[in-house]
Amino acid sequence: NGFQVFVNSVNPNLPQNDTLTPDSGNHYVQVTVHFVNNADSEGSANPLNFVLQDSTGVKHTVEFTADSRCPFFSAVNLVHGATLGTQTMCFQAAGDPKGKLILVWTPGLHDVDIDLTGAKAPPSSSA
């Protein structure tokens, strides 16, 4: 419809730490996206419009954590021609971190399934 989301990178097994500890048997998945609105109407860039389907078929909502690698972004509306740069979301997931992951985006009445298989990992940070 002209309102689009693009996946920039995926880390399918974000290391846990003191502020990021998944439920037993789960791991964290970090996804970065950006939005472009070429539609004639406004579109909502909202983290609550996303879920992650893990390799076991379970859909997980976005996690709000104190970890700086998983910042929460506030929902905004984009008018025609507007873009929203890189936004980060984290989800818990079960199953094999190398298994199939699907980012499900619901910008309106219908889901858009985005296969994350083969998506690039974020750049490594050097110490």
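The values are calculated or read from the model by the stated rules, or taken from the named source; none is laboratory data. Note that this is a predicted model, so its numbers are computed, not measured. Because the Cβ atoms are built from the backbone with ideal geometry, glycine has one as well, and the counts that use them run over all protein chains shown. Ligands, DNA and RNA are stripped out before the accessible areas are found, and what is left, the full protein with its side chains, is counted by its heavy atoms. Shrake-Rupley method; radii C 1.70, N 1.55, O 1.52, S 1.80 Å.
Counting heavy atoms of the protein chains only and a 1.4 Å probe, report the per residue accessible area for segment 28-127 as a whole number of Å².
Heavy-atom SASA per residue in segment 28-127 reads 54 Å².
Between 8, 34, 108, whose Cα lies farthest towards the positive end of the dipole of the chain when Lys and Arg beta carbons carry +1 and Asp and Glu beta carbons carry -1, centred on the Cα centre?
8
Translational diffusion coefficient, Stokes-Einstein: compute it for the chain using the Kirkwood radius over C-alpha pairs as Rh, at 20 °C and 1.002 mPa s, and state it as an integer in µm² s⁻¹.
142
Check cross-link reach from residue 59 to the lysines: straight Cα distance under 19 Å, and skip same-chain residues fewer than eight apart.
Cα-Cα hits under 19 Å: 98, 100.
Go through segment 98-114 residue by residue and turn each phi into a ³J(HN,Hα) via Karplus (6.51, -1.76, 1.60, θ = phi - 60°); whole Hz please, and just put x for glycine and proline.
Whole-Hz 3J(HN,Hα) from phi for segment 98-114: 8, x, 5, 10, 10, 8, 9, 10, 10, x, x, 7, 10, 6, 10, 8, 10.
Could you tell me the center-to-center distance, by alpha carbons, between segment 27-53 and segment 69-83 in angstrom?
Here the answer is 8 Å between Cα centres.
Set Lys and Arg Cβ to +1 and Asp and Glu Cβ to -1, take the dipole of segment 38-100 about its Cα centre, and tell me which of 90, 58, 80 lies farthest positive.
Highest projection toward the positive end goes to 58.
Rounded to whole Hz and in sequence order, give me ³J(HN,Hα) for segment 11-21 from the Karplus expression 6.51 cos²θ - 1.76 cosθ + 1.60, θ = phi - 60°, writing x for Gly and Pro.
Each residue of segment 11-21 in turn: 10, x, 8, 5, x, 7, 8, 5, 9, 9, 10 Hz.
Run down the aspartates and glutamates and flag those whose C-alpha is under 18 Å from the C-alpha of residue 120, throwing out any fewer than 8 positions away in its chain.
Hits, sequence-local ones excluded: 54, 96.
With only Lys, Arg, Asp and Glu charged, each at its Cβ (+1 for the first two, -1 for the last two), find how big the charge dipole of segment 57-127 is about the Cα centre; round to the nearest 20 debye.
Once rounded to the nearest 20, the dipole reads 140 debye.
For segment 81-122, take N as its residue count and report Rg(C-alpha) divided by 2.2 N^0.38 Å.
Computed over Cα atoms of segment 81-122, the ratio equals 1.40.
Quick one: which residues, 5 or more positions from residue 82 or on another chain, have an amide H under 5 Å from its amide H? H modelled 1.01 Å from N in the peptide plane, none for Pro or chain starts.
Here 37 satisfy the definition.
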